[in-house]
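A.B. asks: The structure follows.
Bear in mind that the values in this text are calculations on the coordinates, not laboratory data. Values in this document were obtained by computation on a predicted structure and should not be read as measured data. Cβ coordinates were reconstructed from backbone atoms using ideal geometry, including for glycine residues, and neighbour counts include every protein chain displayed.
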Amino acid sequence: MRRALVRSFALLALIARDGQALADTVRIWKIGSPHRGDTPTPTIPVSLEEAARRPGASISVETFPAKGFATAFREAVIRNDAPDVLSFDNFGVMVGITTPLGTFEGISDASSIQGDFIRVTGALDDLLGPERGWNSCCLPQRTTTRQERSR
């Protein structure tokens with residue numbers, strides 16, 4: 001019961017951060033491993049779907065391979081279209097890493113987005129696979145909300 005309440009609270013915080021509703025949909029981007037070169041499946045855990053339904057929201061999941069993700073993320077930030085949550089199993093996605101598959105640029109080195117990530121533990125763990133990993137709320141400065149752009 002407590003875990004479900006924590007999930008609901010975390011999702012409510014994403015939906016209404018800074019005192020204003022940003023969207024009816026919590027957008028989650030899952031990033032593959034720079035060691036495996038995979039693209040995760042875009043599944044939404046039932047527990048999170050149920051937690052989102054309580055405040056009347058929904059969840060969408062988009063997936064990306066680690067290769068090229070830093071560029072895609074930065075472009076989304078520039079367009080004011082960054083996701084609400086990032087989920088990944090290798091911290092190299094955040095800080096950059098070199099593996100046998102190549103060099104992967106991290107996303108936390110850009111001065112425009114440093115400090116705009118909040119690590120979330122527990123509440124969103126169902127997004128992670130058996131290898132575990134990290135979930136971060138992504139809070140880059142936005143000039144407009146997604147809702148304002150759609151008007």
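A.B. asks: I need the calculated FRET efficiency for the pair residue 78 and residue 118, taking r as the beta carbon distance and R₀ as 25 Å, to the nearest 0.05. All intermediate terms of the calculation are to be shown ahead of the outcome.
C.D. replies: Details: r = 21 Å, r/R0 = 0.83.
Given R0 = 25 Å and the Cβ-Cβ separation, E is 0.75.
A.B. asks: For labels at residue 44 and residue 131 in the simple 7 Å Cα→Cβ model, what's the distance in nm?
C.D. replies: According to this spin-label approximation, the distance is 2.5 nm.
A.B. asks: Let me ask you something else. By per-residue mean of other Cβ atoms within 10 Å, what is the highest-first order of 46-54, 71-79, 29-37?
C.D. replies: Descending packing order for the listed peptides: 29-37, 46-54, 71-79.
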